[in-house]
Amino acid sequence: MQIETLAIHAGREIDPATGAVTPPIHLSTTFERATDGSFPQGYIYTRSDNPNRSALESCLAQLEGGVSALAFSSGSAATMAIFQALKTGDHVIAPLDAYYGTAQILNTLFGDWDLQVTYVDMTDLTQVEAAVRSNTQLIWIETPSNPLLRITDIRRITTLAHQINALCVCDNTWATPILQHPFELGVDLSLHSTTKYLGGHSDLLGGAIITCREDPFWNRLKEIQRYGGAVPSPFDCWLLLRGIQTLPYRMRSHCDNAEQVADYLASHPRIKAVHYPGLKTHSNFAVAAQQMDRFGGMLSFQVQDGKEAAFDLLAHLQIFRRATSLGGVESLIEHRASIEAPNTKTPDDLLRVSIGLEHPQDLIEDLDQAIRQLP
Ligand SMILES: *Cc1c(COP(=O)(O)O)cnc(C)c1O
């Protein structure tokens with residue numbers, strides 16, 4: 001089956017009790033035992049398993065081309081679970097430009113747990129090789145990265161990880177299962193903040209881990225999900241399964257629109273730089289073209305004349321919403337340096353954009369009128 005068909009049918013069955021085509025939401029936290037104490041339908045207690053969550057997990061595993069998936073209450077809870085499954089004294093190699101919250105988890109939450117971390121430029125294989133230690137258990141990649149849209153060569157990193165018997169995890173949130181296929185490139189575990197494109201409507205929080213094999217590490221993750229309890233509600237699972245149905249079509253338009261906006265910005269004299277992996281001028285264009293089907297809906301750009309001009313531009317926009325997050329139907333824009341730590345390396349003239357599904361001409365005109373009002 002093609003991905004458009006999977007997105008609509010995977011994990012969705014006709015409700016046997018009523019014939020409903022759209023699945024019911026199972027709010028019950030507990031399920032009745034048979035007289036012999038067994039659970040004939042397989043469900044016991046909703047933290048351990050719930051019909052809406054099982055359906056979602058089945059859909060996610062199929063979409064990503066994996067064998068199993070675990071749904072969490074947020075992308076960050078999924079990230080937590082992976083690091084919790086490591087042992088004290090283990091070493092992780094992570095990207096310097098990892099999602100801000102991922103670095104916060106490693107530094108702030110695991111700092112006292114003797115989980116060792118080295119941050120490297122993941123686009124530079126020699127740096128990654130130089131960071132390897134005898135206790136390196138995991139290499140974390142995130143591509144495209146935030147906020148400069150740098151592209152990690154997934155195949156090269158997974159090859160290195162497997163040479164040293166480490167796991168390779170790919171945060172595939174920005175690319176989605178539609179544009180990038182981590183398991184075909186050797187990744188062991190793929191992670192998503194489903195809050196973003198998979199949900200697609202800025203109205204739910206969720207995360208997921210998908211695996212290409214069920215092994216002891218996977219069983220550990222399952223224990224962390226069930227005993228730790230950072231699980232999504234049945235309603236959020238239901239909303240997410242609903243949102244996923246249109247994911248392939250949404251991603252097409254996110255990509256179409258972002259390409260047009262990137263071209264417009266790249267040709268504007270008041271714009272100093274545009275970071276979009278689909279532009280031939282992007283320093284990782286070749287790798288992106290090789291491992292991604294298309295280049296996604298995220299881009300960032302730097303305004304001539306610095307931070308004040310960036311703020312001025314924000315003030316004049318009418319369609320773009322000034323908000324964090326990404327992947328929804330509405331276009332969002334944000335001054336990244338403001339929401340990161342004071343010592344951030346993000347340039348202060350940089351604006352990050354999540355291109356939504358409005359008409360691309362309206363988005364370009366909105367940017368154009370805002371840029372024209374710059375002093
Ligand atoms: C948003 C995001 C996360 C964290 O997900 P939450 O659902 O906000 O906890 C992790 N990685 C990336 C790339 C993200 O964009």
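The values are calculated or read from the model by the stated rules, or taken from the named source; none is laboratory data. Please read all numbers here as calculations on a predicted model, not as lab measurements. Backbone-built Cβ (ideal geometry, glycine too); neighbour counts: all protein chains shown. Accessible surface areas use protein heavy atoms only, side chains included; no ligands, DNA or RNA. Shrake-Rupley method; radii C 1.70, N 1.55, O 1.52, S 1.80 Å.
Applying both filters, DSSP loop and at most 14 other Cβ atoms within 10 Å, to the GluC sites (Glu not before Pro) of segment 161-229 gives Glu214. Working note: Cα atoms of segment 58-117, range along each principal axis, descending, whole Å: 36, 23, 20.
Out of the total accessible area of segment 25-67 (probe 1.4 Å, heavy atoms of protein only), what percent is carbon and sulfur?
Answer for segment 25-67: carbon and sulfur cover 52 percent of the accessible area.
Please state the Cα pair-distance histogram of segment 1-119 with 10 angstrom bins from zero: what percent is in each bin? Percent of pairs per bin, in order: 11, 29, 27, 21, 11, 1.
Rounded to the nearest 500, the 222 nm mean residue ellipticity of the chain from helices alone is -10000 deg cm²/dmol, with -39,500 (n - 2.57) taken per DSSP H run of at least 4 residues.
Of the listed residues His26, His192, the order by accessible area with a 1.4 Å probe, largest first, is His26, His192.
Averaging 1/r across all pairs of distinct Cα atoms in segment 162-225 and inverting the result yields a Kirkwood radius of 12.8 Å. Once both labels are positioned 7 Å from their Cα atoms along Cα-to-Cβ, the gap between Glu365 and Glu184 label points is 3.8 nm. Rounded, prolate or oblate: pick one for segment 314-375, where a ≥ b ≥ c are the square roots of the eigenvalues of its C-alpha gyration tensor, a/c under 1.5 means rounded, and failing that, prolate if a/b is larger than b/c, else oblate. It is oblate, given that a/c is not under 1.5 and a/b is not larger than b/c. In 10 Å bins starting at zero, report the fraction of Cα pairs in the chain per bin as a rounded %. In order of increasing distance, the bins hold 5, 23, 31, 24, 12, 3, 1, 0 percent.
Rounded to the nearest angstrom and listed largest first, the equivalent-ellipsoid semi-axes of segment 197-278 from its Cα gyration tensor are 36, 17, 12. Expressed in Å, the radius of gyration and Dmax of the Cα atoms of segment 143-283 are 17.5, 55. Computed on segment 247-310, the Cα convex hull volume stands at 85 Å³ per residue. Using the alpha-carbon positions of segment 106-153, Rg (one decimal) and Dmax (whole number) come out as 12.1, 32 Å. Taking amide hydrogens as placed 1.01 Å from N in the peptide plane, the amide H of Leu299 sits under 5 Å from those of Val353, Ile355, each at least 5 positions away in sequence or on another chain.
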